[in-house]
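*Asks:* Take this structure, written in structure tokens, and hold onto it; I'll ask about it next.
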Amino acid sequence: MKLLYPVVTALTLSTLSFATLAKDLPTGTWEVAGGSNLQFLSAQTEIDGNSGETEFDQSTFSIEATARYYFQNNLAFQLGYEYSNETTEYEDNSEEETSSFALKPGIAYNHSLNEDAAILFYANLFLGRLEYDETFGDSVEGDLSGFGFGAEYRQFVRDNISLNIGASYFDTETEFDDDNDTTLSISGTQIAVGASLYLF
């Protein structure tokens, strides 16, 4: 029986130690996160049976900020803001530009891996506006809506700071304010890097 006490004590201490070191986010924690992605594309298109070719350069920039409140251990409400701009330049010097902003309410779950790392899973809605403009045409605007979800790996460089890299999928639809009831649907995946600050 005396041999049992050291074993129980050791197991208890190891469990407490793991709980302390694990990157769980307790109830009441606030998180402020920011990230961006930048993409450049140069391409050439050619239609079979047609001697004409079209060359264009495309650049995409987006920036995002998100606030999360953990109302339970590792479970949070979140509200994000995203701005995105995409510019396409053609060889005839014409240009198309698409810019959008969106509020992104959602929910997130933090899964601790060890004392220095965690994975965040999240899902959100998109609610915003999109504007499309071209060199030789009028600009049009419309209401943007949709949904997205993703996962993010977090490496903690300090107890309250992490560096993040993640991938997400999104599916959005924009109904333009024109006489033709034009609708634009966009879906895809993206990779982003960023950082988070935690306020316990």
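The values are calculated or read from the model by the stated rules, or taken from the named source; none is laboratory data. These figures come from a predicted structure and were not determined experimentally. For neighbour counting, all protein chains shown are included, and Cβ atoms are generated from backbone atoms with ideal geometry for every residue, glycine included. These area figures cover heavy atoms from the full protein model, side chains too; ligands, DNA and RNA do not enter into them. Shrake-Rupley method; radii C 1.70, N 1.55, O 1.52, S 1.80 Å.
*Asks:* I want to check the label-to-label distance for E134 and E96. Put each point 7 Å from Cα in the C-beta direction and report it in nm to one decimal.
*Replies:* Result for the modelled spin labels: 0.6 nm.
*Asks:* Now, a different point. Quick one: which residues, 5 or more positions from I107 or on another chain, have an amide H under 5 Å from its amide H? H modelled 1.01 Å from N in the peptide plane, none for Pro or chain starts.
*Replies:* For I107, whose amide H was placed from the backbone, the distant partners under 5 Å are Q78, A123.
*Asks:* Using 0.36 nm times the number of residues separating A167 and V193, minus their current alpha carbon distance, what extension gain do you get? Could the numbers behind the result be given before it?
*Replies:* Working: separation 26, 0.36 × 26 = 9.36 nm, distance 0.91 nm.
Result: 8.5 nm gained on full extension.
*Asks:* Which FRET efficiency value, to the nearest 0.05, is calculated for L113 and F77 with the Förster distance at 22 angstrom and r the Cβ-Cβ distance? Don't skip to the end; give the middle numbers.
*Replies:* Values: r = 23 Å, r/R0 = 1.04.
Efficiency for this residue pair is about 0.45.
*Asks:* Okay, next question. Tell me, what is the FRET efficiency for S145 and T27 to the nearest 0.05, using R0 = 41 angstrom and their Cβ-Cβ distance as r? Walk me through the intermediate numbers first.
*Replies:* Numbers: r = 32 Å, r/R0 = 0.77.
Plugging the Cβ-Cβ distance into 1/(1 + (r/R0)^6) gives 0.85.
*Asks:* Spin-label point model (7 Å from Cα, Cβ direction): what's the D178 to F200 distance in nm?
*Replies:* A separation of 5.4 nm, rounded to one decimal place.
*Asks:* Leaving out ligands, DNA and RNA, what percent of the accessible area of the stretch 94-154 is carbon and sulfur, probe 1.4 Å? If you can, show how the numbers build up before the last one.
*Replies:* Details: 1760 of 3080 Å².
Whole-percent figure for carbon plus sulfur exposure: 57.
*Asks:* Additional query: Which of the peptides 155-161, 26-32 is most tightly packed, and how do the rest follow, judged by the mean count of other Cβ atoms within 10 Å per residue? Numbers along the way, then the final one.
*Replies:* Details: 155-161: 12.3, 26-32: 14.4.
Per-residue mean Cβ counts within 10 Å order the peptides as 26-32, 155-161.
*Asks:* Just the number please: accessible area per residue for the stretch 50-165, 1.4 Å probe, all protein chains included, in Å².
*Replies:* Numbers: 6370 Å² over 116 residues.
Result: 55 Å² per residue.
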